[in-house]
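Report on one structure; see the data block that follows.
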Amino acid sequence: MASYQYRKMILMALSAILLATGCQSKYQPIETGAAQTGGGSPQQAAGKNEGSQQGGVVPVSSKGGSAGPLGTAVGTGTGTGPLAGAGTETGAGTEAGTGPLAGAETEAGTGTGTGTGPLAGVGTEAAAGAGTETTAAETTAAAPVFSAADETVYVTGDDVNVRASCSTSSDVVATLKKGASVKRTGYSEEWSRVIYQEQERYIASRYLSAEAPETQAAVQPAAAEGEVRLNSGWQYAEFSKINSGAAMLYRAEGENRKGITVCVNAGHGTSGGSSVKTLCHPDGTQKVTGGSTAAGATTATAVSAGMTFADGTPEPKVTLALALKLKAKLLAAGYDVLMIRESDDVQLDNIARTVIANNAASCHIALHWDSTTNNKGAFYMSVPNNSSYRNMEPVKSHWQQHHALGESLIGGLRGAGVKIFSNGAMEMDLTQTSYSTVPSVDIELGDKASDHSDGTLETLAAGLLAGVNAYFGQ
């Protein structure tokens, strides 16, 4: 009996409300948009309701009262009434109610409405612009209008990005050092259009100037000419296991000295290196690709012995021969050169070589030939497209520089007539790039079947020099 009296009381209250709000029809039209129904379930008593919106009409629910018109104002409702759902709404979202007399509501247009009512989301809502809906639209920046230019400009910042388009979210195709020069063909306040490797690229205008900046102090490594040994205080030095040897630093002479140091790392050539293991990554995580060490490993050979060419020549002998030719060409071109090894054996593992390069060079180029046997051509080892690896430091802060250097070297080799494998890159998780804090590349100049005669090595050295010039804008 009490239940009957309660239901009767509720129905009488609803009738009064419906008469007051004009919601007298069994079916009410819904404006196009996201569906809203008043709050009313116990779970919604706190007042925050979310759902979805659909067009059409809503019949009377067997569990609720008359369904009011559900307009285009979309949002999150905050209920304060006795049975929840009366409240305000704004922003993106919807309201849904299932309690007694849920969903009786009128609404007109867009904006913020305030619902009040004694029972479960019954309320009225008014907003500006009846029958309209305002939603957040994705905005895109308008392309800048460039003023025409035809001039040589210089990079004024350190490690300035060259991008594929005039947006900070576009691909970085290269990173230029302070003092690098490019031709500018157009400019706006924010972006400059430049020619880089015979293609239109973009650099932020604030990093370019018509006047060449002083560069030597900015890029000159701290190490003095002569032996460079691993300093135990350098970052990541503690991970090295073989480090009693020394690299050699040479200074270019003459007016064309650039104040840029290139580390030339003749791959392999460490006696006993294949019997020692070092961590693949400084954080101890597993390798994400296979190679000479399988994916999933946490340690790798400190320095492998290298392969043997089809004619019986050991790879370390050929990498050293090319390194010496490249050294001569770089010095003649005005680059300082850090030579990791100049003999058959240097007691520096891959981590020691990398850390020395990080602290005494502007970039690091390791020379190798692959172990395949089909003369497939040259390529560089690119950083794997793996989110965990690319988010690991120092890879996270430098992998784009590694790619830019690799692409420049491949471009130089291609221009010299060297055969290039595929697109010139192969993803590989390497100890070298896992510890590098300067632009760093392992470049494979061919494989077991490739020619490695003196003339071919001269061509390879010339192509690599062209790639270094392109990278540093020389």
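The values are calculated or read from the model by the stated rules, or taken from the named source; none is laboratory data. All values reported here derive from a predicted model rather than from experimental measurement. Backbone-built Cβ (ideal geometry, glycine too); neighbour counts: all protein chains shown.
When Gly296, Gly284, Gly269 are screened for being in contact with a Pro (Cβ under 9 Å, 6 or more places away or on another chain) and either at positive phi or assigned to a strand (DSSP E or B) (or both), only Gly269 passes.
The single condition among (1) in contact (Cβ under 8 Å) with a residue 60 or more places away in the chain; (2) surrounded by 21 or more Cβ atoms within 10 Å (Cβ to Cβ); (3) outside any loop (DSSP other than H, G, I, E, B) that Gly259 does not meet is (3). Kindly list the number of the only condition in (1) within 23 Å of His403 (Cβ to Cβ); (2) acidic (Asp, Glu); (3) part of a loop (DSSP other than H, G, I, E, B) that fails for Glu200. Every condition holds for Glu200 apart from (3). If you filter the stretch 151-185 down to residues that are surrounded by 18 or more Cβ atoms within 10 Å (Cβ to Cβ) and among the small types (Gly, Ala, Ser), you find that the one that is farthest from Lys258 (Cα to Cα) is Ala174.
Mind telling me which of the residues Lys419, Lys327, Lys376 ends up being of a type in the set (Lys, Arg), in contact (Cβ under 8 Å) with a residue 40 or more places away in the chain and surrounded by 21 or more Cβ atoms within 10 Å (Cβ to Cβ)?
Being of a type in the set (Lys, Arg), in contact (Cβ under 8 Å) with a residue 40 or more places away in the chain and surrounded by 21 or more Cβ atoms within 10 Å (Cβ to Cβ) holds for just one of Lys419, Lys327, Lys376, which is Lys327.
Can you list the helices (runs of 4 or more DSSP H) found entirely within the stretch 361-445 that contain at least 2 residues being closer than 21 Å to Ser240 by Cα and in contact with a helix residue (DSSP H, G or I) (Cβ under 9 Å, 6 or more places away or on another chain)?
Where helices (runs of 4 or more DSSP H) fall fully within the stretch 361-445 and carry at least 2 residues being closer than 21 Å to Ser240 by Cα and in contact with a helix residue (DSSP H, G or I) (Cβ under 9 Å, 6 or more places away or on another chain), they are 395-415, 431-435.
When residues in the stretch 425-459 are screened for being farther than 16 Å from Thr372 by Cβ, surrounded by fewer than 24 Cβ atoms within 10 Å (Cβ to Cβ) and touching a Lys or Arg at 6+ places or on another chain (Cβ under 8 Å), 3 of them pass.
When Val288 is tested against (1) under 30 Å from Ser388 (Cα atoms); (2) buried (at least 18 other Cβ atoms within 10 Å of the Cβ); (3) more than 33 Å from the chain's Cα centre (by Cα), only condition (3) is not met. Assess whether Gly233 counts as being out of contact with any Lys or Arg (no Cβ under 9 Å at 6 or more places or on another chain), assigned by TED's automatic domain parsing to the domain that holds Leu457, without any contact (Cβ under 8 Å) to a residue 40 or more places away in the chain and not in a helix (DSSP H, G or I). Yes.
Scanning the stretch 414-437 finds one or more residues that are closer than 30 Å to Val153 by Cα, basic (Lys, Arg) and modelled with pLDDT of 95 or more. Among the residues of the stretch 448-473, just one is assigned to a loop (DSSP other than H, G, I, E, B), within 17 Å of Leu413 (Cβ to Cβ) and within 31 Å of the chain's Cα centre (by Cα), namely Phe472. Out of the residues in the stretch 139-182 that are closer than 18 Å to His398 by Cα and hydroxyl-bearing (Ser, Thr, Tyr), state the one that is modelled with the lowest pLDDT. By that ranking, first place goes to Thr175.
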